[in-house]
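We did not get these values from a lab; they are worked out from the coordinates using the rules stated. Here the structure is a predicted model, which is why all the values come from computation and not from measurement. When we count neighbours, we look across all protein chains shown, and the Cβ atoms used for this are built from the backbone with ideal geometry, even at glycine.
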Amino acid sequence: MAGFVKVLKTDEIVPGQGKLIEVGGKKIALFNVAASFYAIDDTCSHRGGPLSEGSLDGKEVTCPLHGARFDVTTGEVLGPPAPQGVARYNLRVDRSDIEVEV
């Protein structure tokens, strides 16, 4: 059964950065884009690179291993070599708590 799980406080992730969180046995990359938060699978669909460690430019994260690019708002792949997008997770902010639905 899906539900929202508190994962971080909003001040624990600075704008323009990503952070790895583990929830319900899943590795999820959480991003702060100008005080808006987004969550996608942390594992690149190309060779499994950690997207939470990638560089973030606006709403686009680049995998640190081979340069595949993803939209952090949708999980859609934007550039090769990744063959497909990654899962996106719903989240909400309750006061200063960030909660992810898993």
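Residues that are crowded, with 20+ Cβ neighbours inside 10 Å and touching a helix residue (DSSP H, G or I) at 6+ places or on another chain (Cβ under 8 Å) within segment 38-84 comprise I40, D42, C44, V61, C63, F70, listed in sequence order.
Could you name every one of the strands (runs of 3 or more DSSP E) located completely within the chain that has at least 3 residues being charged (D, E, K, R)? Break it down stepwise before answering.
On the way: elements: 4-9, 17-23, 26-33, 36-41, 55-57, 60-62, 69-71, 77-79, 91-94, 97-101.
Counting at least 3 such residues, we get 97-101.
When segment 20-37 is filtered for residues that are crowded, with 16+ Cβ neighbours inside 10 Å and touching a helix residue (DSSP H, G or I) at 6+ places or on another chain (Cβ under 6 Å), only A29 remains. Among the numbered conditions (1) within 12 Å of the chain's Cα centre (by Cα); (2) closer than 23 Å to F4 by Cβ, the only one that E60 does not meet is (2).
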